[in-house]
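Encoded as structure tokens, the structure appears first; notes follow it.
The values are calculated or read from the model by the stated rules, or taken from the named source; none is laboratory data. Owing to the predicted nature of the structure, the values given are computational and were not obtained by experimental measurement. A quick note on method: Cβ atoms are made from the backbone with ideal geometry, for glycine too, and the neighbour counts reach across all protein chains shown. Note: areas computed on protein heavy atoms with side chains; ligands, DNA, RNA excluded. Shrake-Rupley method; radii C 1.70, N 1.55, O 1.52, S 1.80 Å.
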Amino acid sequence: MFCTKQIFCLFVAISGILPLFAQHPALDRYNITWSSQSRNSSESMPCGGGDIGLNVWMENGELLCYLSRSGSFDENNTFLKAGRIRIKLTPNPFEAGSKFTQTLHLEEGYIDVTGQKGKQRTDIRVWVDVHHPIAHIEVNSSDALNATATYESWRTADRQLAKAELVSCAGYKGAPVTVTAYRDSITFRDNAVLFSHRNKDDALIFNFTVQQQGLQSVQSQLWNPLQGLTSGGMIWGDNMQPAGTITGQYINTPYTGWQLQSIRPAKQHRIHVLLHTEQASSYEAWTNDLYQQQKSIHAAAKTAFQQTKAWWQQYWNRSFIFIENDTTSAEWQAGRNYQLFRYMLGCNAYGTYPTKFNGGLFTYDPVFVNPKYPFSPDHRNWGGGTFTAQNQRLVYWPMLKNGDFDLMKPQFEFYLRILRNAEIRSQFYWGHSGACFTEQMENFGLPAASEYGWKRPPYADPGVEYNSWLEYEWDTVLEFCLMILDMERFSGADISRYLPLIESCLTFFDEHYQYLAKHRSSKALDGDGHLVLYPGSACETYKMTNNSNTTIAGLYTVTSRMLELPADYLPDSTRLQLQRLLKRIPPLSYRNIQGHTTIAPAKTWERINNVETPQLYPVFPYGIFGIGKPGLDTARNTWLYDTTAIKHRSAIGWKQDNIFCARLGLTDTAARYTIEKLKNAATRFPAFWGPGFDWTPDHNQGGSGMIGLQEMLMQTDGKRIYLFPAWPRNWNVHFKLHAPYNTTVEGILRDGKITSLKVLPEERAKDVQILDEYLTAGRSSR
């Protein structure tokens, strides 16, 4: 399937063309420009940086922005918006009849809004400082204008949440208790609006969850990220002063607005929104820190925009995929939306918490996602502080080939922070070591109370969720362990701080399944000396499994990769333990379908719940089967003949059929599903996909689409790099992707011919293999 000659000769032959790579390919063709104002928040544009995201739109001649900052959770673990900003200029340059444009400038990370009527022209630039938690709205006009900046809040009184609204704080979903959303504190101070939400320590979902799960005796040992958590900030403007409060209603949500007005008309207005989220000892301590940040930001103001632009430019230089076909083609659209989604990921590069799969920083009024949810802008289905591992992983896998290793830190730190709580669970419930991470858990590492179960029988294992979808599903954490190991292999980063996490996860499976076996019989292992992984789960789909192949593939791959780490990472004693564990991991199970050997979901199972295809997890993410590896035919047979896999095929949301096909070299099908993933969303902004299975924007759909496109272009196996393993011959592309061992591969394919290729470091060129003349064998599939 691949050329037999190494690519080094090709690399040398075209080296004379390489200077063209010195110039970064222009992103301007992917900028989004609108020539009419928006009808409502669902027609907003994303803008962000650092860990702040804004939804920006012009409506009825006024600029509006929703504000979000990573980690801003209330008592109930709802992910709170920081509020809404409304900017009105008088006389209004954006009134009906004015020429209007709104543009997202990707390469420099800002939004520009322009209104022109006759000779009068007004520009508004909205941008977020990547290095400081502040957003700026800058007005420049040919004529002097008055400006009003209104901070709008819908959290002005305590209120009881409706039953359907509880899914926004998913731990309380279906709860047999009354749940209250508590008011914010908002006031004028020093010509600014100061706003905050400080969690009430006696009303935390943490306390409720601990009690529900019988952990009161160890509560003092558990990490509690919600205690003292205070989020909010301040808004002020140059040449502005307080002008009282107003009331109103946006869509279906009443609000109160605190207004700042310009002291005098001016051609320039500068409005700043500083956001601050921390676990503070007191409200006063939080406020003091806020003002200290304001001082440090003021000192850095002169160079902040240039530094932010420079950050975004280096971000885009790390990697890209530009499909250079006609701009009306479906494949060009997919390439453009790939870049738009990567921009959205970059907006939470340095978040305290991972980018949420169910909207990230960019959710908007929920009634526009589903008319059955006429709730506040804080609402999103599946919660804010509740994390679903199967969904989160798809947001983070593509960051490896993008070279966005710094963006992966929030997800890795998330697991590291809750490691001790997960270990305490294992010791408390079962008396053995290792971290038990459930599939859907709160940001403090305990199962969401709603998934733990409201009507648990007394005989149920207290460590297991009494939930037909999530029971015994513990193995997704192994994907994040593999991501950590891959980050070390890709970038050479020191991952020492994460090794206790990986070791503890492996220890859990080893000790827990021996523990369960000893409760069934006198033997901890089967007759071949292997673990008996029962009861288990293959995703949420195959339940009550014996030897789930997702668990086996995860344990085998992570353990093997741990043993491949450089010698100085692990002491000899740890290596010996891992070698012994590797021998205890059972083999994968197979089954015959229509005369073809296929990968089974598990050795046995009792029921099918969902629509996932875990039998192909040994292909992705675990890479046991794939291009250039033994058993490729078996993996392809699984795609082609497994009746349940066929039944469950889809491009919606977190479905990953496009990735499976790319890994299997099934070009036509991979292309079809990936185009479906990355086509324009139904919303005005093309990358606000959803709701799929979850919410809008659906970051699962963006992440899985991004992974699929990468895998079509380039796959890696150890030091081997395969180019174009599932790439359509008629898709012209200029790309730059990262590979293991600090390697980047940049190339241009036009009309089925590679016209330029650059591999760095140059000695890695010998490890690259290219599909030979795009052989057709295996390229088509059902």
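Scan 268, 259 and give me the residue that is within 27 Å of residue 159 (Cα to Cα) and over 29 Å from the mean Cα position of the chain (by Cα). Please lay out each step first, then the result.
On the way: 268 fails: within 27 Å of residue 159 (Cα to Cα).
Checking each option against the conditions leaves just 259.
Among the listed residues 249, 307, 241, identify the single one that is under 28 Å from the mean Cα position of the chain (by Cα), of a type outside the set (A, V, I, L, M, F, W, C) and either open to solvent by 50 Å² or more (accessible area, probe 1.4 Å) or over 29 Å from residue 87 (Cα atoms) (or both). Full working, then the answer.
On the way: 249 fails: under 28 Å from the mean Cα position of the chain (by Cα); 241 fails: under 28 Å from the mean Cα position of the chain (by Cα).
So the residue among 249, 307, 241 that is under 28 Å from the mean Cα position of the chain (by Cα), of a type outside the set (A, V, I, L, M, F, W, C) and either open to solvent by 50 Å² or more (accessible area, probe 1.4 Å) or over 29 Å from residue 87 (Cα atoms) (or both) is 307.
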### Message
Can you find, within segment 492-520, the residue that is nearest to residue 584 (Cα to Cα) among those that are open to solvent by 30 Å² or more (accessible area, probe 1.4 Å) and either at pLDDT below 95 or touching a His at 6+ places or on another chain (Cβ under 8 Å) (or both)?
### Response
511
### Query
Restricting to strands (runs of 3 or more DSSP E) lying wholly in segment 230-306: which have 3 or more residues that are modelled with pLDDT of 95 or more and within 17 Å of residue 134 (Cα to Cα)?
266-279
### Query
Looking at segment 367-441, what helices (runs of 4 or more DSSP H) fall wholly within it and have at least 1 residues that are within 21 Å of residue 68 (Cα to Cα) and touching a His at 6+ places or on another chain (Cβ under 8 Å)?
389-396
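Within segment 214-224, does at least one residue satisfy the condition of being open to solvent by 40 Å² or more (accessible area, probe 1.4 Å), in contact with a strand residue (DSSP E or B) (Cβ under 8 Å, 6 or more places away or on another chain) and either over 30 Å from residue 458 (Cβ atoms) or outside any loop (DSSP other than H, G, I, E, B) (or both)?
Kept after step one, since they are open to solvent by 40 Å² or more (accessible area, probe 1.4 Å), are these residues of segment 214-224: 216-217, 219-221, 223.
From the residues that got through so far, the ones that are in contact with a strand residue (DSSP E or B) (Cβ under 8 Å, 6 or more places away or on another chain) too are none.
No, segment 214-224 contains no residue that is open to solvent by 40 Å² or more (accessible area, probe 1.4 Å), in contact with a strand residue (DSSP E or B) (Cβ under 8 Å, 6 or more places away or on another chain) and either over 30 Å from residue 458 (Cβ atoms) or outside any loop (DSSP other than H, G, I, E, B) (or both).
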### Members of segment 586-606 that are touching a residue at least 12 places away in the same chain (Cβ under 8 Å) and assigned to a strand (DSSP E or B)
590, 593, 596, 597, 598, 599, 602, 603, 604
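Residue by residue, here is whether (1) touching a Ser or Thr at 6+ places or on another chain (Cβ under 6 Å); (2) farther than 20 Å from residue 363 by Cα; (3) in contact (Cβ under 8 Å) with a residue 12 or more places away in the chain holds:
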residue: 54; (1), (2), (3): no, no, yes
residue: 84; (1), (2), (3): no, no, yes
residue: 96; (1), (2), (3): no, yes, yes
residue: 106; (1), (2), (3): no, no, yes
residue: 111; (1), (2), (3): no, no, yes
residue: 123; (1), (2), (3): yes, yes, yes
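Here are some residues: 157, 144. Which one is surrounded by fewer than 17 Cβ atoms within 10 Å (Cβ to Cβ), among the small types (Gly, Ala, Ser) and part of a strand (DSSP E or B)? Lay out the reasoning, then the answer.
Details: 157 fails: part of a strand (DSSP E or B).
Criteria check complete, one pass: 144.
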### Query
Out of 653, 623, which single residue is in contact with a Gly (Cβ under 9 Å, 6 or more places away or on another chain), open to solvent by less than 60 Å² (accessible area, probe 1.4 Å), of a type in the set (Gly, Ala, Ser) and in contact (Cβ under 8 Å) with a residue 40 or more places away in the chain?
653
### Summary
Of the listed residues (251, 246), the one being under 12 Å from residue 151 (Cα atoms), in contact (Cβ under 8 Å) with a residue 60 or more places away in the chain and of a type outside the set (Gly, Ala, Ser) is 246
